[in-house]
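Here's the structure we're looking at; comments come further down.
The values are calculated or read from the model by the stated rules, or taken from the named source; none is laboratory data. For clarity, every value in this text was computed on a predicted model and none was experimentally measured. Note that each Cβ is placed from the backbone with ideal geometry, even for glycine, and that neighbours are counted across all protein chains shown.
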Amino acid sequence: MGAGRDDFLRSVGLILAAVAFAFLPGAALSLGQPSAELTKQEQILQWINNYRNQPEPERLPAAVKSMLALGLLKDIEQSGIYVGFIAGVVGANPEKAEELLDKMFPMPPPDQIVIVKAIAYSGLPEWKELMGKFVERMPARRVVIERYLFGKMPTLRALSLDNPMTVDALWGYYFATGSSEPIQRLVVGLAWSRDRDDVDKLTTGSMVKWTLAKNASRDHDLLQYLKTSLPHQPKDVALPLGEVIEASETFEMTKIRKEALAAVQEVKVKGPQSSRNYAWWGQVGQTAFSLGCVGAAVMGQVYAGIPCVIGGALSNVALKYLAPAK
């Protein structure tokens, strides 16, 4: 790609550097100190980053309103980390859940899908009863509410990792709770980082591998959990998990990025390993690396290369970025 590719990467680097500034040690919020007002995306991400160490559930309604005002929830399929985080806070505070949700109103009908998904993803044993309390306040969302209530739409625990927002939503839930459950789901997805027959799974697995390594390098508890779980994993998970742990301890994430890009490039150019002659290029158009994803941005930023799986509008940009050099 030559100079054009270099210019593109530099532009991406500038964008990500702006996000990274919010997470420099000097910019971090001191635990136990009053938090700043959540009026900017950087402040919201910083708050999310600190949240599991300093839970402030009472601030969630104001944070959600800021997310809406900033357009962070405009595209629900690209807002997984925020949706997962909101769901995690609600789920971790069953006695306050109804009050927290109530304070998010009034909310424009198109944005109310956030509340619907947060309740459904919360993991609360009585989430259906909680959802029922808000049906009358969200008549425009009645169809999707009924689909969740009757099991026609999956909760977070039932979402497949190949869903574009699932990985980010799991990270959001972890940032809200510090729970090992979303991490267990992500670890299982590492097996896909070795897949050479399905570009969607390979891309998702690569993103999982990257985000686990990047976040574990900055989160001692997460790293220790990964180490503890390693002996209990099947071989197809244990191998990439070992690489994640090594990269986290040495702060060497470049190798993971390069190997992931090389693997995706190989599958794109040669086709599936099991059927190298099959004309499958169209499949690649449905999967892309999104350079704007925040799955790893909260703790370590997504450096150019291993972002989120998306489809549609950004596919052409991502395919151009990952296309063979000329």
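Quick notes on this structure:
- Test result for Leu60, more than 25 Å from Asp221 (Cβ to Cβ), out of contact with any Pro (no Cβ under 9 Å at 6 or more places or on another chain), surrounded by 15 or more Cβ atoms within 10 Å (Cβ to Cβ) and not β-branched (Val, Ile, Thr): no
- Residue in the range 222-251 that is modelled with the lowest pLDDT, counting only those that are surrounded by fewer than 13 Cβ atoms within 10 Å (Cβ to Cβ) and not polar (S, T, N, Q): Phe251
- Tabulated pairs, the range 91-118, first surrounded by fewer than 17 Cβ atoms within 10 Å (Cβ to Cβ), second of a type in the set (A, V, I, L, M, F, W, C), C-beta under 6 angstrom, 6+ apart or interchain: Pro94/Leu124; Pro109/Ala140
- Leading residue by the ranking (surrounded by the most Cβ atoms within 10 Å (Cβ to Cβ)) among those in the range 155-170 that are part of a loop (DSSP other than H, G, I, E, B) and either modelled with pLDDT of 95 or more or of a type in the set (Ser, Thr, Tyr) (or both): Thr155
- In the condition set (1) loosely packed, with under 13 Cβ neighbours inside 10 Å; (2) outside any loop (DSSP other than H, G, I, E, B), Tyr148 is compliant with all but (1).
- Of the criteria (1) at pLDDT below 95; (2) of a type in the set (Gly, Ala, Ser); (3) surrounded by 15 or more Cβ atoms within 10 Å (Cβ to Cβ), which one Gly88 fails: (1)
Listed here are the residues, each with its yes/no results for (1) of a type outside the set (A, V, I, L, M); (2) in the same structural domain as Leu124 (by TED's automatic domain parsing); (3) modelled with pLDDT of 95 or more; (4) within 14 Å of Gly84 (Cα to Cα).
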position	(1), (2), (3), (4)
Met153	no, yes, yes, no
Arg185	yes, no, yes, yes
Leu202	no, no, no, no
Lys214	yes, no, no, no
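- Screening Ile119, Ile115 for residues that are within 30 Å of Ala213 (Cα to Cα) and of a type in the set (Val, Ile, Thr) leaves exactly one candidate, Ile119.
- Pairs with Cβ under 6 Å, 6+ apart, first in the range 131-147 and assigned by TED's automatic domain parsing to the domain that holds Ile113, second in a helix (DSSP H, G or I) and surrounded by fewer than 18 Cβ atoms within 10 Å (Cβ to Cβ): Ala140/Pro109
- Criterion: in the same structural domain as Met131 (by TED's automatic domain parsing), touching a Ser or Thr at 6+ places or on another chain (Cβ under 7 Å) and modelled with pLDDT under 95 - qualifying residue of Leu38, Leu70, Leu31: Leu38
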